[in-house]
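Taking it in order: structure first as C-alpha cells, then the write-up.
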Amino acid sequence: MNKARVTLKEVAAQAGVSYQTVSKVLNRQIRVAKETEQRIWQAAEALGYQPNYTARSLRVQRSQTIGYAWEPTPSDQANPILDEFLQSMFHAAERNGYYLLCFPHHANVQQRIDSYRTLIDSGRVDAFVLSAIEFDDARVAYLCQRNFPFVAFGRSNQELCFPYIDVDGGEGLRQATHHLLEQGHQRIAALAWTRDSRVGENRMEGYFAALQQAGIQPLPEWIQRGEGNFRFGKQAMQTLLDLPASIRPTAAVALNDMMALGAMEALLQRGMTPGPDFGLTGFDDTPMARFATPALTSVQQPIWEIGQRLMALLLEVLENNSATLPTGQLLPPTLVVRASSLRQRPS
C-alpha cells in the first residue's frame, strides 16, 4: 500500500503557520522571519514532504527543467572542464528546485535549431543554458528571436545582447605572455585555434596586447593555428623549432593544455627541457597540467563559480524581466606558475 503524500496543511499544522505561508516559503515566493522559515523547513523535512511538481508546473506553467546541449568531446580525449561545469550546474539547479535536461548536440545548424524549437514548443523546458558560444551563433539568434529565457557561458558578437557569464580569456593569455616576458623571453610564439573560433580570438587579444606593450611585433611564423589537440600542439612545436635560429621562438603560449602537452612532447623529443630551454604555458589548468613532467604552467578558470553564477542569473531571468538584467559578466582567470615556464627552477 502506497504511503499517502504529506500535504502542505500537515506541514503548516506542525510549523504553526498557515498553509499559504508554507507554500510561498517552500516556493521561495516570500520572505518571513528567519525563525519561522527555519520552523517550516524543519517541519517539511521531519514529515518527509515532497512537492508535487506536476501540479505545480500546471499551476505556474513551468516544467522546472532547464535544457543544455554541448558539443561532444572526441572519444580519445577527456574533458574535465565540462565535467566540473556540469556538476556545478546540477547542484545549483537542484538546490533551487530545477533539473537539467541534457539533449544531443547536432553538427548541422538547422537540426540544432530544430532541437531547441521542439523543446520550446512542447513545453519540456523553461529555459536553456548555452555554452561554446561562437560568432554569429545561430542558437543565440534563434532564442532572442523567440524571446525565450536563456543564459550563456560565453560571449558572441557585440551587437548580440543577451545575459552571459564568461572568463576573460584575453586577460588570461596576457598574464601568460607577460610572465614569459618577465622570464626574459622576447620571441614568444602562440599555439592558437583557427580564426573562426570566438574563444580563441578573445584569448589571442591578450597575447597581442602583452607583446605590443613590450614593444614586440610578433612574426607571422610565430603564430601556429589549428585544432586544439595534442597532435597539433606537437606538430606546431616541431614547426617552430625548425625555424631559422634568428627568428626561432624561445617560448610559447598555448590556448589549451592539450596543445601545450603536445608541444612539451616535441620539446622532450628534441632533448630540450621545458622551462630552462623553452618556456611553455597552457590554458585551463586541467589535472593533466598538474601531473605532467615537468608540471605545466597554465591559466585556471573559475569553472565551478561560473556554473553557480549561471544558475543564479538564469533564475533572475525567469523571475524578472530579463531586459532589466546586466547583459554580461566577465570573470578574471588566474595564472598558475609551474616548472614548464621557469628558466630557473626554484631551489
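The values are calculated or read from the model by the stated rules, or taken from the named source; none is laboratory data. Predicted model only: the values in this text are computed from it and were never measured. Reconstructed Cβ throughout: ideal geometry from the backbone, glycine too, with neighbour counts over all protein chains shown.
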query = What residue, among those in segment 121-151 that are without any contact (Cβ under 8 Å) to a residue 60 or more places away in the chain and among the polar types (S, T, N, Q), is farthest from I165 (Cα to Cα)?
reply = S122
request  = With the condition kept exactly as written, say whether any residue in segment 77-85 is exposed (fewer than 14 other Cβ atoms within 10 Å of the Cβ), modelled with pLDDT of 90 or more and part of a helix (DSSP H, G or I).
outcome  = yes
inquiry  = Suppose we filter segment 272-311 for residues that are among the hydrophobic types (A, V, I, L, M, F, W, C) and more than 21 Å from H178 (Cα to Cα); how many remain?
reply    = 9
task = For T327, indicate whether it is in the same structural domain as L240 (by TED's automatic domain parsing) and either over 18 Å from the mean Cα position of the chain (by Cα) or surrounded by fewer than 17 Cβ atoms within 10 Å (Cβ to Cβ) (or both).
result = no
query = For segment 240-291, how many residues meet the condition of being under 23 Å from the mean Cα position of the chain (by Cα) and over 19 Å from G226 (Cα atoms)?
reply = 7
query = (1) more than 15 Å from Q175 (Cβ to Cβ); (2) in contact (Cβ under 8 Å) with a residue 60 or more places away in the chain: which one isn't true of R203, the others all being true?
reply = (1)
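Residues are listed down the side, and each one gets a yes or a no for (1) over 21 Å from Y164 (Cα atoms); (2) at pLDDT below 95; (3) assigned by TED's automatic domain parsing to the domain that holds Q87:
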position	(1), (2), (3)
T297	yes, no, no
I306	no, no, yes
L315	no, yes, yes
N320	no, yes, yes
key: Candidates T286, T250, filtered to the one that is outside the structural domain of S88 (by TED's automatic domain parsing), touching a residue at least 24 places away in the same chain (Cβ under 8 Å) and closer than 30 Å to Y98 by Cβ   = T286
task = Select from segment 322-347 the residues that are modelled with pLDDT of 90 or more, part of a loop (DSSP other than H, G, I, E, B) and farther than 21 Å from R203 by Cα and list them in ascending order.
result = L342, R343
inquiry  = Can you pull out every residue in segment 255-274 that is within 24 Å of N79 (Cα to Cα) and assigned to a loop (DSSP other than H, G, I, E, B)?
reply    = L255, N256
ask   = In segment 157-215, which residues are in a loop (DSSP other than H, G, I, E, B), small (G, A, S) and at pLDDT 95 or above?
value = G184, A214, G215
message = Every residue in segment 108-145 that is in a loop (DSSP other than H, G, I, E, B) and surrounded by fewer than 15 Cβ atoms within 10 Å (Cβ to Cβ), please.
response = N108, S122, G123, R124, F135, D136
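Residue by residue, here is whether (1) among the aliphatic types (A, V, I, L, M); (2) more than 30 Å from R343 (Cα to Cα) holds:
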residue: R124; (1), (2): no, yes
residue: L130; (1), (2): yes, yes
residue: D137; (1), (2): no, yes
residue: F148; (1), (2): no, yes
residue: F162; (1), (2): no, yes
residue: G170; (1), (2): no, no
residue: L181; (1), (2): yes, no
